[in-house]
Each structure stands twice: as structure tokens, then as C-alpha cells.
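> The structure's right below; bear with me while I get my questions together.
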Ligand code: ADP
Ligand code: MG
């Protein structure tokens with residue numbers, strides 16, 4: 001049975017998508033069967049694994065809104081063990097269209113129930129908001145991975161995320177856990193990053209992963225080639241750290 005993990009933080013640009021793609025690819029390269037689920041209307045995870053959004057007949061929108069079987073939306077990537085349910089811009093309407101629907105918070109959970117047994121990990125890349133799409137992801141998940149960027153305002157907004165998690169635990173998904181907090185984009189040349197690491201560790205304690213993702217230019221280049229870091233530059237520091245993170249997630 002897959003462990004379902006939402007990659008969530010309502011702040012944009014903190015490394016959610018980079019972590020979804022590269023943690024997913026790393027887990028896959030360690031032999032795990034991984035399904036990525038893109039629920040950000042921007043579809044960056046989708047293009048990040050080389051899927052042309054114009055070419056997909058069905059996307060996550062159809063799963064959530066039109067009760068299309070998830071099996072009909074799963075696309076293979078060119079990496080072994082890695083599949084994706086893509087997102088297209090069509091999903092932008094879902095946040096509003098979900099409003100009056102039945103079981104609006106649990107649509108994704110019900111859809112993924114049909115495919116859970118076929119994977120080891122399902123990673124859901126969330127949009128930069130705490131709206132119904134993120135609520136759907138949290139309701140569908142066993143746990144949340146929270147990427148936190150090593151910058152001055154790192155902890156700002158996390159109280160809002162944590163209260164959303166508590167709300168989901170209370171009303172929709174009692175067993176939702178925090179899987180871990182991953183510090184991203186550390187700039188080793190500044191002292192600021194070190195301070196942020198200390199603050200985040202004080203707050204989240206043992207939930208903070210040992211692996212810290214540094215700023216690495218190869219990580220920022222890979223998406224424009226539609227490749228994970230493992231395919232784009234397997235020898236880069238970025239590839240090394242995401243593999244380390246995957247091992248931590250597995251518990252190796
Ligand atoms: P989010 O999904 O939270 O909005 P992204 O993963 O898209 O964030 O990252 C925001 C930007 O930062 C992207 O352009 C991405 O390529 C870049 N980026 C993310 N992580 C790193 C990193 N470790 N080093 C360098 N650039 C990064
Ligand atoms: Mg993103």
C-alpha cells in the first residue's frame with residue numbers, strides 16, 4: 001500500500017515542485033514505485049518530468065471534478081518506476097468549481113484509493129495556497145512534507161499551514177502526520193541560512209531532515225529540459241542531496 005505524502009507550503013517558490021520531482025525520481029531510482037500527482041494548476045511538476053501539457057487527454061482536473069478513473073489519467077515518464085497524474089491549466093477553475101460539490105474535501109482521497117495498492121509512494125505537489133486543492137491533498141495523504149526555504153521569513157506563514165493541518169486532522173483525516181520538514185535553497189555563503197536552520201530546528205525539532213538542500217544551479221536548470229536532476233546531471237550536488245533525502249524518507 002502506497003504511503004501518500006503531500007508536499008505542501010502555501011508560500012510560492014520554496015521548493016515544493018523541485019522536491020516533488022526530485023524526491024520522487026530519487027525514490028524511483030532506489031527501486032520504489034512512485035506516482036506523482038500534480039494538483040498545482042501551473043503544472044510545473046508535469047512539465048518537470050517531460051510531459052507536454054498539450055498532449056494529455058485527461059488530467060487531475062478530470063479525476064477531481066469529472067469522476068474520471070485515475071487509471072485513465074496516469075502517464076508514464078521516461079524514468080523507470082516513475083508515473084504521474086498530470087495537471088493542466090484547466091485545474092485553475094477547480095478551486096471555485098469544487099465549492100458547491102458533494103464531498104469536496106475528499107475527492108482526491110476517494111480517487112487515489114483505487115490506485116494506492118499499485119505504488120510504494122504517492123507524492124502530491126500542492127499549489128501555493130491553502131484552498132480546496134491543498135485541503136484535498138491533505139485529506140488524501142498519510143503525511144505532509146513541508147519544504148522551508150532558508151531565508152529570512154522562513155517561519156512566517158507556517159502557523160497558518162499548521163492550523164490548516166490541524167483543521168484537516170479534526171474534520172477529515174485524523175491520522176494525518178507531519179512526515180518531515182526539508183530545508184531548501186541554503187546559500188552556504190551567508191550566515192543567515194545557519195540562523196534559519198537553527199530557528200526551524202527549534203520549532204520542528206526531530207521532524208527536520210538531516211539532509212539540507214543547498215542552492216544548486218543544476219537543480220534550477222533541470223526543469224527546462226523536462227528532466228529530474230538524476231537524468232539531467234546525476235553527478236551534481238543536487239542529485240546527491242535528493243538521493244540522501246529519499247534514503248531518509250525510506251528510513252535507510
Ligand atoms: P514551489 O513549487 O514551492 O513554488 P519551486 O520548486 O518551483 O518552488 O522552486 C522555485 C524556483 O527555485 C524554481 O525556479 C526552481 O527551479 C528553483 N529552485 C528550487 N530549489 C532550488 C535549489 N535547491 N537550488 C537552486 N534553485 C532551486
Ligand atoms: Mg510548485
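> Order the peptides 82-94, 211-223 from the highest to the lowest mean number of other Cβ atoms within 10 Å of their residues.
Order by mean packing, descending: 82-94, 211-223.
> Give me the Kirkwood hydrodynamic radius of the stretch 111-252, using the inverse of the mean 1/r over all pairs of distinct Cα atoms, in Å to one decimal.
Kirkwood radius, the stretch 111-252: 16.6 Å.
> Along the Cα→Cβ direction, 7 angstrom out, place labels at residue 78 and residue 167. What is the inter-label distance in nm?
Reported label-point gap for residue 78 and residue 167 is 4.2 nm.
> Arrange the following residues from fewest to most other Cβ atoms within 10 Å of their Cβ: 46, 164, 134.
Going from least to most buried by this count: 164, 134, 46.
> Sticking with this one: Please arrange 20, 117 by counting, for each residue, the other beta carbons lying within 10 Å of its beta carbon, fewest first.
Ranking 20, 117 by Cβ neighbours within 10 Å, fewest first, gives 117, 20.
> Using Cβ contacts closer than 10 Å as the measure, can you line up 174, 11 from fewest to most?
By the 10 Å Cβ count, ascending, the order reads 174, 11.
> Take the Cα coordinates of the chain, assign each an equal point scatterer, and use the Debye formula without solvent to give log10 I(q)/I(0) at q = 0.12 Å⁻¹.
The Debye formula, applied to the Cα set alone, gives -0.63.
> Quick check on packing: order 66-73, 109-116 by the mean number of other C-beta atoms within 10 Å, highest mean leading.
The peptides rank, most packed first, as 109-116, 66-73.
> Now for a separate question. Quick check: Cα centre of the stretch 131-173 to Cα centre of the stretch 67-85, how many Å?
Each part's Cα centre sits 25 Å from the other's.
> Where the Cα atoms of the stretch 77-128 are projected onto their three principal axes, how long is each span, largest first, in whole Å?
39, 24, 16
> Over the stretch 1-134, what per residue volume does the convex hull of the Cα atoms give, in whole Å³?
91 Å³
> Sticking with the crude label model, points 7 Å out along Cα→Cβ, report the distance from residue 114 to residue 178 in nm, one decimal please.
3.5 nm
> Could you give log10 I(q)/I(0) at q = 0.19, 0.22, 0.29 Å⁻¹ for the stretch 196-252, computed by the Debye formula over C-alpha point scatterers of equal weight, without solvent?
Values, matching the q order: -0.74, -0.86, -1.08.
> Given a Förster distance of 35 angstrom, what is the FRET efficiency for residue 206 paired with residue 53, based on the Cβ-Cβ distance and rounded to 0.05?
After rounding, the FRET efficiency stands at 0.35.
> Label residue 189 and residue 106 with points 7 Å out from Cα along Cα→Cβ: what is the distance between them in nm?
5.2 nm
> In cubic angstrom, how much convex hull volume per residue do the alpha carbon atoms of the stretch 1-62 span?
107 Å³
Since every read-out is calculated from the coordinates, none of them should be taken as a lab result. A quick note: this is a predicted structure, and the numbers were derived from the prediction, not measured. All Cβ positions, even for glycine, are placed from backbone atoms using ideal geometry, and neighbour counts span all protein chains on display.
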